[in-house]
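Inspection log for the structure reproduced underneath, given as structure tokens.
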Amino acid sequence: MHSLHDVAAPAKLNLFLHVTGRRADGYHLLQSAFVLLDWHDSLHFERRPGGRLSREDVGAALPEEDLTLRAARALQQATGCGEGAHIVLEKRLPAEAGLGGGSSDAASSLLALNRLWQLGLSLAQLEQVGLALGADVPFFLRGRSAWVEGVGERITPVALPPARFAVVKPPRGLATKDIFSHPALKRDSDSATISGFAADPWGFGHNDLEPVARQLCPEVGEAVEWLGSQGLPARMTGSGSAVFALLPPGAVLGQAPAHWARNGWVVRECGKMEVHPLVGWASSDDSV
């Protein structure tokens with residue numbers, strides 16, 4: 001095998017996000033429920049000899065050392081693999097949105113290169129590599145709707161009905177580290193339970209990061225209010241700046257404010273993806 005094309009890296013939503021504490025090492029303890037969306041980046045991989053890694057961007061240029069290259073390098077280091085790769089990344093997901101685009105690119109890169117380089121690593125081994133790259137990477141490697149706890153490593157699959165969402169991304173992004181380091185962040189939410197979430201998955205909980213995000217980026221509040229004006233209760237996903245609302249069956253989004261299109265806002269309807277397209281690419285995955 002010399003190449004893999006059209007490898008998807010889907011977005012995620014945090015249906016809620018509670019910060020329940022902080023470890024001695026500074027990592028925050030979280031509870032959340034994640035779903036995958038049918039909105040994705042697309043990656044292409046060409047095998048190269050000699051261990052050399054390179055990346056080509058289709059569309060907007062990314063930082064030189066992005067998560068796809070970091071994932072490839074981490075996989076080389078974890079396995080001693082001498083193979084290389086050229087990665088072409090078609091970036092469709094906005095950055096600093098809370099949609100997990102970078103982590104999803106990393107997870108899809110780990111799964112694809114594990115196959116391209118014929119490493120045979122199990123899902124558990126890939127998760128070990130992935131967690132060091134980002135807290136959301138193990139979720140994308142598992143590839144199903146999930147209840148997530150700890151620092152992102154405790155993952156329990158959950159079954160959720162089909163759903164459609166309105167997603168609004170303001171032009172400004174938010175850096176995760178700015179939110180988590182902010183003195184006003186609430187870090188002591190009570191622990192929730194899966195059973196409590198399952199009783200009302202679309203309305204459960206809140207996002208503890210949203211009040212701080214609104215201070216740093218008032219457009220988050222503007223997006224929430226616009227969706228609310230259409231009778232759609234909205235909240236932020238992840239550390240923002242994207243917000244979302246469940247679309248009831250037959251609901252049609254109204255016309256977005258005229259200035260949004262001129263200023264780089266993104267308004268999109270997305271469906272919940274049941275299963276990640278790469279589920280089964282890791283050797284231990286018997287859930288296909």
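Brief remarks follow.
- Taking all Cα pairs closer than 8 Å and separated by 6 or more residues, the relative contact order of the chain comes to 25 percent.
- Pairwise centroid distance, computed over Cα atoms, of segment 1-78 with segment 102-169, Å: 9
- Residues GLU269 and ASP57, FRET efficiency given R0 of 45 Å [Cβ-Cβ distance, rounded to 0.05]: 0.95
- Integer Hz, Karplus 6.51/-1.76/1.60 couplings in order for segment 276-281, x for Gly and Pro: 4, x, 9, 4, x, 6
- For segment 164-273: rounded, prolate or oblate by the Cα gyration tensor [a/c cutoff 1.5]: oblate
- What the pair-distance distribution of segment 3-157 shows, using all Cα-Cα distances binned every 5 Å from zero, is 2, 10, 20, 22, 20, 14, 9, 4, 1, 0 percent.
- Distance in nm between pseudo-label sites at GLN118 and ASP38 (7 Å out along the Cβ direction from Cα): 3.7
- Exposure rule at most 11 other beta-carbon atoms within 10 Å, DSSP loop GluC sites (Glu not before Pro): the chain longest free segment: 66-288
Read-outs throughout are calculated quantities, based only on the coordinates presented, and are distinct from any laboratory measurement. If you're wondering where the values come from, they're calculated on a predicted model, not measured in any experiment. All Cβ positions, glycine included, derive from the backbone under ideal geometry; neighbour counts span all protein chains shown.
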